[in-house]
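Here's the structure we're looking at; comments come further down.
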Amino acid sequence: MTRLVIGRPAVGGMGANQKAKEAFSGAEFPLVVNVVNKMTITLSLPEAGIKLRPLASGVATFRDYDRLQRAVSSLEQIARLNNAAQLVILESAEPSAEEAKAAAEPVPGGDAGDAGDSDDGDSAGGDGAEQTSEGGAEGVVTIVQDDEQAFVVELDGVRFEPLRNQVREDGTLTAGGLKAFEEAKAAAEADD
C-alpha cells in the first residue's frame with residue numbers, strides 16, 4: 001500500500017508534489033485513495049469530489065495525475081499556513097505487487113519494529129491521553145457537531161462548545177479548551 005503524508009514542508013526537504021510523484025508515478029488512473037484528515041478543520045478536495053470532516057476519513061478518486069497534483073499542492077499550502085506536521089494521509093486502496101507479496105509472507109512471532117505500525121499517530125503517548133501541567137490526564141474529545149451552526153465536543157460525558165482552535169489535531173484540548181471544559185463541567189454539576 002502506498003502511503004503519502006502531507007504536512008508543512010521541511011526546510012530544504014522534498015515538497016509534497018515531488019513525494020506524490022514518487023509515490024504514485026506507477027499508479028493507474030483513475031486513482032482511488034483512502035484520505036485521512038488529521039486536522040480539526042473540514043477539508044474540501046474538489047479535485048477528487050470529497051469533503052472531509054475534522055479527524056475523519058474517506059475515499060477519494062482522482063481522474064488523472066494533474067488533479068492529484070493540484071490537490072497535493074493545495075493541501076501542502078494549507079499545512080504550511082496551519083503549521084501542521086500532518087494535515088492528511090493518502091493511501092492507495094490497492095496494494096502493489098510487492099506489498100501484496102510481503103503481506104502474504106508470514107512473520108514468525110512478529111517483529112518489534114512492527115509494533116508502532118498499528119498506531120495511526122493520533123496520540124503521542126499511545127494511550128489517548130496526554131499529561132497536562134497540573135499532572136492530570138487530558139482526555140481526547142469526541143466531536144459531536146461541526147458545521148456552520150456550532151462546534152460541539154464531548155469529554156467525560158460533558159458536552160461543550162470550545163473554539164475550534166482550542167482542540168488540537170490529536171483531539172486534546174489547549175489551555176483555553178480546558179478552561180471551557182471546566183466551566184461546562186461546573187455548570188453541569190450545578191444543574192444536578
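Between Val11 and Arg53, what is the label-to-label distance in nm when each label sits 7 Å out along the Cα-to-Cβ direction?
Taking the simple label geometry, Val11 and Arg53 are separated by 3.9 nm.
Which order do the peptides 25-32, 1-8 take when ranked by the mean count of other beta-carbon atoms within 10 Å per residue, highest first? If you can, show how the numbers build up before the last one.
On the way: 25-32: 13.1, 1-8: 18.4.
The packing order, highest mean first, is 1-8, 25-32.
Please report the carbon-and-sulfur percent of the accessible area for segment 148-192; probe 1.4 Å, protein heavy atoms only, DNA, RNA and ligands left out.
Carbon and sulfur atoms account for 45 percent of the accessible area of segment 148-192.
Return the carbon/sulfur percentage of the accessible area of segment 22-81, one whole number, probe 1.4 Å, all protein chains in place.
Carbon and sulfur together cover 48 percent of it.
Could you give the distance between the Cα centres of segment 141-161 and segment 4-30, to the whole Å?
34 Å
Let me have the relative contact order for segment 1-57, percent, based on Cα pairs under 8 Å that are six or more residues apart.
25 percent
For Val144 and Glu182, FRET efficiency with R0 = 22 Å and r from the beta-carbon atoms, rounded to 0.05?
For Glu182 and Val144, the calculated efficiency is 0.75.
The values are calculated or read from the model by the stated rules, or taken from the named source; none is laboratory data. Values in this document were obtained by computation on a predicted structure and should not be read as measured data. Glycine also receives a Cβ, built like all others from the backbone with ideal geometry; neighbour counts cover every protein chain displayed. Heads up: the accessible areas ignore ligands, DNA and RNA and are worked out on the full protein's heavy atoms, side chains in. Shrake-Rupley method; radii C 1.70, N 1.55, O 1.52, S 1.80 Å.
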